[in-house]
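Inspection log for the structure reproduced underneath, given as structure tokens.
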Amino acid sequence: MKYNFDQIIDRRGTNAIKYDKMDFFFGRHDLQPLWVADMDFATPDFILEALKQRLSHPILGYTKRPQSFYKSYIDWAKKRYQWSVSNKWLEFSPGVVGALSIAILSLTNEGDKIIIQPPVYHPFFDAITGNKRQLVKNPLLKDKNGIYQMDFNALEKLIDSQTKMIIISNPHNPVGRVWNKTDLEKLGKLAIKYNLIILSDDIHADFIYSPHQYTPIIKLSKEIAQHSIIITSPSKTFNIAGLSTSIAIIPNEDYRKNFQKKMHDMHLFLGNIFGNIAFETAYQKGENWLNEVLKYLKENINFVQDYLNTHIPTIKTAAPEGTFLMWLDFSETGLSHNVIKERLLNEAKLALNDGKSFGDNGDKHFRLNIATPRKNLETALEKLKIFA
């Protein structure tokens, strides 16, 4: 492999949230951080070189996005997902979470109902309630093997005249499902039947493990596309989340105009020079790097599963189909959620994401970020032996 993902890079003192805000979130700073969903691998060298080259010019003034910015994603989608994306569908947004709120504000009204399917990425909750919409939960169903499914029967019963939108995560954070064509077609048919907007956070779309395949919901049919918005970014894929640059893919012209208007009303359309450059460079030059990191991540997943099965069988986890996150189930330890949390912090000294932050059905679950050198995972798993 050209790239060395075993390299341990000291991130402390760089204002990295994962490392330098542990005091704020966990009440102590001496934890091993495996929580925030960015990678502990070096940002690819070709991206850093492009940024350095731009820094050789002494003026960093207002800057437009060239057409090559959008073309880089169009070419990437064609090659990686066999998906033809129209240039007119694409809108810049300053980060995926911000784009979720822009879509909610521009396409729904105060008091409207928006459905999510927990356990799910916790900013979904805040984007809905913080913008004075009604949060409606349709919990995912978990089978005996730890695999989650959408509960379509319950979902349809929740829809009424006030329901305007459903937000999904594909691949799903934190449980690692890659929603297949059948799942997405069922969802699309409900959106058509009840005139709903499907807002799909696809930021992890490039982290897919064979034999699974990423299906953009917009790709399924023209009719489903008219009810769907995808928000995505290279920020997870190439470890450039700090540059806050993403795109919204909006085939429906009315939705797109409303989204554009809200972006302009809030003056969020400019973005920043370095986000633009990193975005374009990542999609133009990143394929080989991505293939290598996917191989390493899959080996990390296998390592975690083998270790838990051998040494800590009371902690269960299903191999994620996508993402670089693993959803650990501590139910068989016989301990309460609060006791598990306390022991993780004060005995194992590990910073993992609390499963309850993803919804009530995250009880006795914690999210582990495996996008880190294997030595770090080995150290963390040794600490988890307190639950054996």
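All of the numbers you see were taken from the coordinates with simple rules; none came from a lab. All values derive from a computational prediction rather than experimental measurement. Here Cβ is always computed from backbone atoms with ideal geometry, including for glycine, and neighbour counts include all displayed protein chains.
Observations on the model:
- Secondary structure note: in the range 61-285, about 35% of the DSSP beta bridges are antiparallel.
- The chain - Debye-derived log10 I(q)/I(0), Cα point model, q = 0.14 Å⁻¹: -1.32
- Cross-link reach list, lysines versus K142, counting only Cα pairs under 18 Å and skipping chain neighbours closer than eight places: K316, K356, K364
- Rg and Dmax, both from the Cα atoms of the range 8-132 and both in Å, are 19.3, 50.
- Were the residues from K137 through K193 laid out at 0.36 nm apart, the gain over their Cα-Cα distance would be 18.2 nm.
- Globularity index of the range 61-285 is 0.97 (Cα radius of gyration / 2.2 N^0.38 Å, N = number of residues).
- Residue pairs, from the table K18/K349; K18/K132; K219/K261; K144/K385; K2/K295; K257/K285, whose Cα atoms sit over 21 Å apart: K18/K132; K219/K261; K144/K385; K257/K285
- The three principal axes of the Cα atoms in the range 196-254 give end-to-end lengths of 34, 31, 14 Å, sorted in falling order.
- In the chain, helical runs assigned H by DSSP with n ≥ 4 each contribute -39500 (n - 2.57); averaged across all residues and rounded to the nearest 500, the mean residue ellipticity at 222 nm is -11500 deg cm²/dmol.
- Taking the average, over residues, of other Cβ atoms within 10 Å as the packing measure, peptides 93-102, 151-160, 227-236 rank 227-236, 93-102, 151-160 from highest down.
- Electrostatic bookkeeping for Q305 treats Lys and Arg as +1 and Asp and Glu as -1; over the other residues with beta carbon under 14 Å from its beta carbon, the sum is -2.
- In nm, spacing of pseudo-spin labels at M266 and D160 (7 Å Cα→C-beta vector): 2.8 nm
- Note on the range 53-108: along the principal axes its Cα atoms extend 42, 32, 18 Å, ordered by decreasing extent.
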